[in-house]
Amino acid sequence: MTAVQPEYAAQLVLRTGKAFIFDDPGCLAAFVREGMVDSAAVHSLWVNDFLAPEAPPLRVEEAVFLRSEALRTPMAMAWLP
């Protein structure tokens, strides 16, 4: 899958190497929160750098997130806590 707006792309990588690609970091968060995969199977979570989407992705733990009504994500997930 190709993200329509790469600056918002996110992914979950399993220990097996399989990756789930998301158009919106909020979709990644919802996928994890809803338990769509066993947490023990998750290797890492990644997001693209909004200001440099062509750069290597950032680990979620190292990223800074901004929540604002002025920013509309591709899947309109700005409402997530």
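General observations
- Residue among Ala41, Ala29 that alone is of a type in the set (Gly, Ala, Ser) and modelled with pLDDT under 95: Ala29
- Residues that are among the acidic types (Asp, Glu) and either surrounded by 11 or more Cβ atoms within 10 Å (Cβ to Cβ) or assigned to a loop (DSSP other than H, G, I, E, B) (or both) within segment 52-77 comprise Glu54, Glu69, listed in sequence order.
The values are calculated or read from the model by the stated rules, or taken from the named source; none is laboratory data. Predicted model only: the values in this text are computed from it and were never measured. All Cβ positions, even for glycine, are placed from backbone atoms using ideal geometry, and neighbour counts span all protein chains on display.
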